[in-house]
Amino acid sequence: MKSNKNIVLIGMMGSGKSSIGKILSKKLNLTFIDIDQKIEETEDCKISEIFNKFGENYFRKIEEKISLKFLSSENSVISLGGGGFINSSIRKMCRKNCLSFWLDWKNETIIKRIYKSKKRPLAINLTKSQINNLIKERSKFYSLSSHRINCDKLDKAEIINKILDIYEYK
Ligand code: S3P
């Protein structure tokens, strides 16, 4: 039987939340919501500019407000920002209204994708060892998700099928 809960994708920057979320939403005929994109639309400003002009704390406040708004909607596949699930109010709303899937990858894969990435204000100044530490810290929270998908040996279609299998039989 199909669940009527939202699907929320969580995990580090570079874990494929947006690209996988888009395909999933099409397959399930649900609305796709990318929280980073909603933040940029609301603020009329790129995420990197928000970080540069107003700082991370300001970004986190906006992120909380926008995430809570969309997590409380229905029939959606939601791609959360990489830091979203660290926030306890956001986690609580995910538990209440969504099935959450952690897209988990080996640290090396994530590092390869985000190291020195100009699009990622949080990662751009981090050394590889600092990214390793960030992944370690965040994994404690990510592991509180409803389901963990070990993505390393899977291609995109297989990751999507795993999520669909779980979602459709919940
Ligand atoms: C962040 C991840 C980004 C974005 C912001 C902060 C983080 O989203 O929300 O740059 O703290 O990990 P993605 O995970 O979609 O890249």
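The values are calculated or read from the model by the stated rules, or taken from the named source; none is laboratory data. Being a predicted model, the structure only gives us computed values, none of them experimental. Cβ sites come from the backbone with ideal geometry, for glycine too, and all protein chains shown count toward neighbours.
A few notes on this one:
- Members of segment 75-88 that are more than 19 Å from Phe51 (Cβ to Cβ) and out of contact with any Leu (no Cβ under 9 Å at 6 or more places or on another chain): Ser88
- For segment 46-72, the set of residues classified as within 13 Å of the ligand (Cβ to nearest atom), of a type in the set (Ser, Thr, Tyr) and touching a residue at least 24 places away in the same chain (Cβ under 8 Å) consists of Ser48, Ser67, listed by residue number.
- Hey, Lys119 away from the ligand (no atom under 15 Å from the Cβ) and either in a helix (DSSP H, G or I) or at pLDDT below 95 (or both) or not: no
- Residue match in segment 95-103 (condition: within 13 Å of the ligand (Cβ to nearest atom), surrounded by fewer than 17 Cβ atoms within 10 Å (Cβ to Cβ) and either part of a helix (DSSP H, G or I) or hydrophobic (A, V, I, L, M, F, W, C) (or both)): no
- When segment 150-170 is filtered for residues that are in contact (Cβ under 8 Å) with a residue 24 or more places away in the chain, part of a loop (DSSP other than H, G, I, E, B) and surrounded by 12 or more Cβ atoms within 10 Å (Cβ to Cβ), the ones remaining, listed by number, are Cys151, Lys170.
- One residue stands out in segment 73-84 among those that are at pLDDT 95 or above and more than 13 Å from the ligand (Cβ to nearest atom): the one that is surrounded by the fewest Cβ atoms within 10 Å (Cβ to Cβ), namely Ser76.
- From the options Lys69, Lys106, residue that is closer than 22 Å to Asn132 by Cα, out of contact with any helix residue (DSSP H, G or I) (no Cβ under 6 Å at 6 or more places or on another chain) and exposed (fewer than 15 other Cβ atoms within 10 Å of the Cβ): Lys106
- Evaluating Cys94 against the criteria (1) without any contact (Cβ under 8 Å) to a residue 60 or more places away in the chain; (2) touching a strand residue (DSSP E or B) at 6+ places or on another chain (Cβ under 8 Å) leaves one unmet condition, (1).
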